[in-house]
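Trainee: Once you've had a glance at the structure underneath, I'll fire off some questions.
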C-alpha cells in the first residue's frame, strides 16, 4: 500500500512503499537508516525520516518561491545537500561547504534558513571545519 504526503505545490515529498520510504527525489530511508542516490550510503542518524526531512522543508519552501531562472538549479543543490548530509559523519565536509555556498549564491535569502538548519543537533553534530567556516561567514556574527 502506498501513502504520500504532498507539499504546497502538490508534489509528493515522502511516499511509503515496499522497500523503504522515499524522501525527496533520491533519498530512501529504511527505519532511521538513510541511503543516498548512489545506493552506497547508509547512515543511522537516530531520527525518523519525517524528522530528518522536516529540517530541510523550510529550505525546499524557499526554493519553491525562488525566481524561475534559478529554481531548478537551487532545488538540485538542496537535494545534493540532503543527500550529502544523509551520510552523517561520513559526509564530505568540503562538498557540503561548496553546496551551501552554491545555494546561497542562487538564493541569498536562504542564509538564515541554512544557518538554522545546521544549528540543529542533528546536522550540527557532524559538521566539519570547512562547513563551520562557511556557516560562520554566513551567520549573524560575521
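Trainee: With each label point set 7 Å from Cα along the Cα-Cβ vector, what nm distance links residue 132 and residue 51?
Mentor: Inter-label distance under the simple model: 2.4 nm.
Trainee: So, in nm, how far is label residue 73 from label residue 116 when the simple model puts each one 7 Å beyond its Cα toward the Cβ?
Mentor: Rounded to a tenth, the inter-label distance reads 2.6 nm.
Trainee: Suppose R0 equals 35 Å; then what is the FRET efficiency for residue 90 and residue 65 from their Cβ-Cβ distance, rounded to the nearest 0.05?
Mentor: With R0 = 35 Å, the Cβ-Cβ based efficiency is 0.60.
Trainee: As a test of the definition: which semi-axes, in Å, follow for the range 53-142 when you take the square root of five times each eigenvalue of its alpha carbon gyration tensor? Largest first, please.
Mentor: Rounded to whole Å, the semi-axes are 19, 14, 12.
Trainee: Let me ask something additional. Treat each spin label as a single point 7 Å out from the Cα along the C-beta direction, and report the residue 101 to residue 125 distance in nm.
Mentor: The modelled label-to-label distance comes out at 2.9 nm.
Trainee: A further question follows. I need the peptides 109-117, 62-70 ranked by packing, meaning the mean over residues of other C-beta atoms within 10 angstrom, with the highest value on top.
Mentor: 109-117, 62-70
Readers should treat all values here as calculations from the given coordinates under stated rules, not as data from a laboratory. Since we're looking at a predicted model, the values are computed, not measured. Neighbour counts run over all protein chains shown; Cβ positions are idealised from the backbone, glycine included.
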